[in-house]
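Heads up, the thing below is written out as structure tokens.
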Amino acid sequence: MPFIEERGLSFYYESSGSRAAPPLLIISGLSDYTAKCNWQTAELSEDYFVITFDNRGAGQSSTPPPGYSVADMAEDATAVLDALAIPAAHVFGFSLGGMIALNLVLNHPERVRRLVLGCTTAGGDLFIQPDELVVSALTQPIRTGDRRQDFLAGVRNSVSKRSLVERPELIDSLAQLAERNLQTPLGYAGQIQAALAHDVAGRLDEISSPTLVLHGADDRVFPLENGRLLAGQIPAARFIEYPEAGHLFFIEKADEVNRDIRAHLMETS
């Protein structure tokens, strides 16, 4: 299995597509691991060298104690690029991964060619909070010992009502991912603490990489206005809203999202 050792931590990563193709780094969200990126990797690897990795505190990567920041997690992303000898890449980050991508482009702008941000927030004054039930589910997640049932108990926060009713096969696929999730309570605690402290709201005008912001209209975790505010503060950013899609819009609307990502990455201006 491919691992990268950096600063005393071990990071699991996967790659697909031609090594000669333009590189695309996909950064996953809170509690996620590489398999959560499969809905993008399978198609986008036809045209790009796609790299995914498990963030610290999740999947097969190291789980350091809480106390690290989203900026630290962005340094992990640069370590992955360094290990693969990639000086700059296109970057797509969703949810917590979007926060990491923001820190990456702000602290290492030369490493990011074109940027795609999904279901995320700048934090600080630009953060529109979800309702109290969602906050409680995020900060005090259900842990019965049955990962599948724990996921299903809170799945309404992740997808749209339409997906819940009309797409049982999708819900089952997501539940299977949850069953295989290796994250520990310690890993979750570190990630959620980092996410709660995230704030780059005052720096968005520094971003020069061409940016596309994507958001599901029915997102209960980061309400839609988060995406609109984010796009409005990044110079020349474009915003796309996906109707009848929730926080996992990039899975619910994978075909549309992949089309929009590809179109953005292929632009030359």
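Tabulated data
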{"read-out": "DSSP-loop GluC sites (Glu not before Pro) across region 15-102, with at most 16 other Cβ within 10 angstrom", "value": "Glu46"}
{"read-out": "Estimated distance in nm for a label pair at His108 and Glu46, the labels positioned 7 Å out from Cα along Cα-to-Cβ", "value": "3.0 nm"}
{"read-out": "Cα convex hull of region 115-189 - mean projected area over all directions, nm²", "value": "6.7 nm²"}
{"read-out": "Among beta bridges that DSSP assigns inside the chain, antiparallel share in %, nearest 5", "value": "30 percent"}
{"read-out": "Kirkwood hydrodynamic radius of region 59-189, Cα pairs, Å", "value": "16.9 Å"}
{"read-out": "More than 19 Å apart - percent of Cα-Cα pairs taken over region 17-88", "value": "36 percent"}
{"read-out": "Hydrodynamic radius by Kirkwood, which averages 1/r over all alpha carbon pairs of region 1-135, in angstrom", "value": "15.0 Å"}
{"read-out": "FRET efficiency, 1/(1 + (r/R0)^6) with R0 30 Å, evaluated for Arg238 and Arg203 via beta carbons", "value": "0.95"}
{"read-out": "Over region 30-113, relative contact order from alpha-carbon pairs under 8 Å, at least 6 apart, %", "value": "25 percent"}
{"read-out": "Amide H partners (placed H, <5 Å) of Thr63, local residues excluded", "value": "Gly57"}
{"read-out": "Alpha-carbon Rg/Rh ratio, for region 3-266, with Rh computed the Kirkwood way", "value": "0.93"}
{"read-out": "Trypsin sites (Lys or Arg not before Pro) within region 161-253, DSSP loop, no more than 14 other Cβ atoms inside 10 Å", "value": "Arg180"}
{"read-out": "J(HN,Hα) series, region 224-238, from Karplus relation 6.51 cos²θ - 1.76 cosθ + 1.60, nearest Hz, glycine and proline x", "value": "3, 4, 4, x, 5, 5, 4, 5, x, 9, 9, x, 6, 5, 9"}
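Rule-based calculations on the coordinates, nothing more; no lab input. From a predicted model like this one, the values you see are computed outputs, not experimental measurements. Reconstructed Cβ throughout: ideal geometry from the backbone, glycine too, with neighbour counts over all protein chains shown.
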